[in-house]
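The block underneath contains the structure these notes are about, expressed in structure tokens.
Read-outs throughout are calculated quantities, based only on the coordinates presented, and are distinct from any laboratory measurement. Everything numeric here is computed off the predicted structure, so don't read it as measured data. Every residue, glycine among them, receives a Cβ derived from its backbone with ideal geometry; neighbour counts consider all protein chains shown.
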Amino acid sequence: MSKTGVRKPGAKRRVVGSYDISLLLLVVLLCAFGVVMIYSTSYYNADRYYSESALYYSMQIRNLIFGAVAMILVSFVDYHFYVRLFFKSIKPIHALYLVCMVLQIIVAVAGYSANGSSRWLNVGPISFQPSELTKICLIIMSAYLATKYKGVLDRFKGFLPFFVIGIPIIGLVGVHDLSTAVVLAGITFIPPIVVSGLKRYHFVIAGLGIAALVIMITTIGYRQERLDVWLNPELQDPGSQTIQGLYAIASGGYMGKGLGEGLQKLGKIQEVHTDMIFTVVCEELGIAGAVIVILTFILLLWRIYVVAVNAKDMFGGIICTGVFIHIAMQVVINLLVVTNSIPATGIPLPFISYGGTSLVVLLAEMGLVLNVSKQIPEEGVADA
Amino acid sequence: MNSEQENRLLRRNVNPTMRKGLKIAFLVVLALCGFIVGRLIYINTENGETYSKAVLSQRAYQSRSLASKRGAILDRNGIILARSEKRYNVIIDPRQILDKDYYIEPSIDAMVRYLGYDEQEIRTLIYDNPDSSYIVYEKDADYSRISEYKRYQSSKSKVTGVWFEEEYARIYPYSSLASHVIGFVNADGSGSYGLEQYYNNELSGIPGLSYTYFDNDLKQQKTVEDAVDGYELVTTIDYNVERIVEEKIKDFLDTTGAKNIGVIVMDPNDASVLAMASNREYDLNNPRDLEACYPSSEIMFMTEDEKLEKRYEMWKNYCISDTYEPGSTFKTITVASALDENAISTEDTFYCAGYSEVGGWRIGCNNKYGHGKLSLTQSLMKSCNCALMEIAAKLGKDSFYKYQTKFGFGAKTGIDLPGESSGILIPLRNLNETELATSSFGTTFNVTMIQIAAAYASIINGGTYYQPHVVREIRRSDKTVVSNYNDMGVRQSISEGTASFIRNSLYMTVESGTATPAKVEGYLIGGKTGTAQKRPREEKRFVVSFAGFAPVTDPQVLIYIVIDEVADPELSSSSSPATKLSASIMKEILPYLGIYPDGEIDYHVDLNMIADIENENYDPFEDEKNPFVLPEGLDASDE
């Protein structure tokens, strides 16, 4: 009775109410690996600057606990809750969108500076990155809109609601943080394209987007510098993290120097436990270790893909698509940056890089996917 | 669209188009991951070796030099004349402070509370220099404030951006005392002039090194080689003698004045220098400050080049660097040489007619009416040129020249100070009859003060020529001796018998000859005056000098004074300023050195000789009719 091409007739499906266990295991594996690598990369700097070598390690474990709680909570909430009427004519997704908008405005106006860009908001003792929350918000929002306007998506008119919702908030982020804005744009605009299949007007939109990107990169000072580093890494200041990252990758060989034996984390690569963590993975665990990490990400994405195409309904499927795009984009951009395949930009490696907000939001997204997987109907159960 | 319709839409099934789209997206990701793995392999194979080397090379050398402490300079009794003291500079790093918002307030607060800085000033400094990491905010901060700050800072992780840099400062407690002997230290830590320059290697010590390297297991190791402190110099300078000499020079400048004054006080028994001073002592703590030697009204109008030139002049050690014609003080050397060579005997007599004909030149004596018949002692007492010319002729030019070099003239004495001149002698081949005659009384050749002092020391001590020196001992900071210079005897210059006769004659010269103003009541003082006319002769400018010693029976102190161009025209050709200055110095330093006045003179005095002198207080240079004019064409430059 199945209408999906993926489910083979007679194949056994999990019962309603169970998680996709392999997805959960992959997430746990990646997070555990991340904590180990964070300790390896940060003990030297943490000891040097804060006299406490386990500082980042213990803070990441704290982040993981918050993230696990978020994931479990989210996985118990029916994903339809976000688009049901909540109070009068307001839906939770609307409220979340408004909160994100306000936070992005605050951070744009009064956010404090880290690395030359305003991205952070201080709430008491916690530094909070609103753009991460915006990611999950836009994933749900985009899924909601794509489902709602599916009928008109093959025309440009159908795309308009995405613009109206996406452009203001992406613009706010993009002023300070272009790479995150690119990820947000992917999260918002790719799901409707996936749902409707490629249409001619999509190329126009993609062309405009790429043009805007090029203009932003070439007109803003420090981005131009990064372009120069990208083109000629060895001619640049030897202190640049791009060339130091390449040194790390190249000195690892196929099997690496062994976990904890890397030299480049000893004060040479800045951001070594965040955006550049993969270079030390290469240095210490070699190409072999790097390939295993990449394969793990591919497996994770495959599990999300499976959940997406088997989802109980299109709304759940598109939510998983959004999560898929979010993780895929960050992994790919991060790896392209550390291998100097594209100009340097600050995108963390999901689950592995150090970072509180990012990890909690990613795990919450996993909670979303788990909830979708939980609702996959068993073979033979009607699609309602 | 009402919510019922919308809910229905939300329950739409996943459609095949979406499955296809997702599949494409997944394949794109796979392709990109493949590309990335390809990049990783490419980077490793293409750059693996060079980049691996780069990783190691930027690790290998991380070193920092640690300052060593420069050794102290002490006087002969252990009084510190120069020492090094650890100083702390406060370095502010605004970049670090501004790095995190939560650093700013605690860091500024700590600076205000523990270092006592002005809050507004610090705030302005930090915000005006956000990109700077190194601002020397305070030099020579006292240690108590620094340690309080450090203690506070170690407990507060948000207090940052202040460093303390250690350096050693050179301190001269008596600022200008013995400035030419001691010298000073440049900003780069090397010594300039004086002992600071001459013994720079011994004083500086060995800087330490702190470096990190990687061992065989590529583990980072840190090694610290501590700095080795420099050696200490124990000098032969006596702080009190030096101080007295400098005071007396100053008094003389205030009352009479002169262009240059140099004074050397020496122990004749080993040629160790007790004091060496001139009228241009400068402040060692501010060596570039001309105020010590020039009025500020004059400095204001100097150009930078002029200032530089004046500084070089100020730093130059007059007692060893400047040369001049010694004049009559040299007569002692001529007489000692001739006696020692047996060219004359102590019994010989000489006749002075007021002039002598030598090599076709008529060379006048200081008394144009002639001294008449003179004993050898009297020729020194009266400073008779004619007798000296006769003596030199008897000695002959070869022996005369031999003794000149034996007494150390024409070559550096080797004193342990930089910038010594060797003086200029008339070379043997040019030392003809006339030159020999004029050289006999100390003209037509140039000497330095230290040469005369060393030569006199060797005559007075009984004939041993010692290398003059300023440092007695070099030792480590823990007082263990590295080397000492107590026995610097070089050669025998004359016999003890000759020396004894000369001492006696010089005693007579002070007692009743030309040097009577050098007498100090209660002491047996010997000495010889000198007056040399500077070139060009017609300008009537003189260098007057006096070399004296005490007590005659057991000489302990030798003093040599040179006054270049006494400012008072009445006195300009008289040796009395030099003899009087000597008396005023000797009067104070003799009791200080433990040589007490004694009323009983236990010494052989030949009363007959005194009777021969017509006028005890006659000073030939005060005689305006003095015909002493050297023949033209005998300038030293003619050599």
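If you take the C-alpha gyration tensor of region B:318-638, multiply each eigenvalue by 5 and take the square root, what semi-axes do you get, largest first, in whole Å? Please list the in-between numbers first.
Numbers: eigenvalues 172, 112, 77 Å².
The answer is 29, 24, 20 Å, longest axis first.
Please report, to one decimal in angstroms, the Kirkwood hydrodynamic radius of region B:485-595 built from all distinct Cα-Cα pairs. Can you show the working numbers first?
Numbers: mean 1/r = 0.0666 Å⁻¹.
By the Kirkwood definition, the hydrodynamic radius is 15.0 Å.
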Number of Lys pairs in region A:21-374 with C-alpha atoms less than 19 angstrom apart, excluding same-chain neighbours closer than eight positions? 11
What average number of partner chain Cβ atoms lie no more than 10 Å from the Cβ of the residues making up A:289-300? 2
Counting pairs of alpha carbon atoms under 8 Å apart in space and at least six apart in sequence, what relative contact order in percent does region A:21-374 give? 27
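How big is the charge dipole of the protein assembly as shown about its Cα centre, in debye rounded to the nearest 20, if each Lys and Arg gets +1 on its Cβ and each Asp and Glu gets -1 on its Cβ? Could the numbers behind the result be given before it?
Numbers: 93 positive and 113 negative charges, 2043 e Å.
Approximately 9820 debye in magnitude.
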Looks like region B:28-174, by Cα gyration tensor root eigenvalues a ≥ b ≥ c and the a/c under 1.5 rounded cutoff (else prolate when a/b is bigger than b/c, oblate otherwise), is oblate
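Report the charge-dipole magnitude of region B:318-638 in Debye, nearest 20, computed about the Cα centre from +1 at each Lys and Arg Cβ and -1 at each Asp and Glu Cβ.
In total the dipole reaches around 760 debye.
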B:Glu291 paired with B:Ser157, simple spin-label distance in nm, labels 7 Å along Cα-to-beta-carbon: 5.1
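Exactly which trypsin sites (Lys or Arg not before Pro) in region B:478-534 are in a DSSP loop and have at most 13 other Cβ atoms within 10 Å? The partial results should precede the final answer.
On the way: sites: B:Lys479, B:Arg491, B:Arg503, B:Lys519, B:Lys528, B:Lys534; in loops: B:Lys479, B:Lys519, B:Lys534.
Those satisfying the criteria are B:Lys479.
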Under 28 Å between alpha carbons, and skipping anything fewer than 8 positions from B:Lys479 in its own chain: which lysines qualify? B:Lys69, B:Lys86
Cubic angstrom per residue, convex hull over Cα atoms of region A:21-374: 139
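How much net charge surrounds A:Tyr39 when only other residues with a Cβ under 13 Å from its Cβ are counted (Lys, Arg +1; Asp, Glu -1)? Don't jump to the answer; show the numbers that get you there.
Numbers: positive: A:Lys265; negative: A:Asp47, A:Glu52, A:Glu284.
With Lys, Arg at +1 and Asp, Glu at -1, the net is -2.
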In debye to the nearest 20, how big a dipole does region A:242-384 give about its Cα centre with +1 on each Lys and Arg Cβ and -1 on each Asp and Glu Cβ? 260
Nearest 0.05, what FRET efficiency do A:His80 and A:Met59 give at R0 = 45 Å with Cβ-Cβ as r? 0.80
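Nearest 5 is fine: what % of DSSP beta bridges in the protein assembly as shown come out antiparallel, could you say? Before the final figure, lay out each step's value.
On the way: 88 of 91 bridges.
Antiparallel: roughly 95 percent of the beta bridges in the protein assembly as shown.
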If you average 1/r across every pair of different Cα atoms in chain B and take the reciprocal, what Kirkwood value do you get, in Å? 29.9
Using Cα atoms only, what is the angle between the long axis of helix A:241-252 and the major principal axis of chain A, expressed in degrees (0 to 90) to the nearest 10? 90
Quick one: if you stick a label point 7 Å off each Cα along the C-beta vector at A:Val102 and B:Ala31, how many nm between them? 4.4
Using Cα atoms only, what is the angle between the long axis of helix B:449-460 and the major principal axis of chain B, expressed in degrees (0 to 90) to the nearest 10? 50
Pairwise Cα inverse-distance average, inverted: Kirkwood Rh of the protein assembly as shown (Å): 37.0
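Just need the relative contact order of chain B here, percent rounded to a whole number, with Cα pairs under 8 Å and 6+ apart. Don't skip to the answer; put the middle values down first.
Working: 1270 pairs, mean separation 85.8, N = 639.
Here the relative contact order equals 13 percent.
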Space enclosed by the convex hull of the alpha-carbon atoms of region A:251-384, per residue, Å³: 118
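Do the sum for chain B: with -39,500 (n - 2.57) for every DSSP H run of n ≥ 4, divided by all residues, what is the mean residue ellipticity at 222 nm, to the nearest 500 deg cm²/dmol?
Numbers: 22 runs with 245 residues, N = 639.
Helix contribution divided over all residues of chain B: -11500 deg cm²/dmol.
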Crossing angle, helix A:55-76 versus chain A [Cα axis fit, 0-90 degrees, rounded to tens]: 0
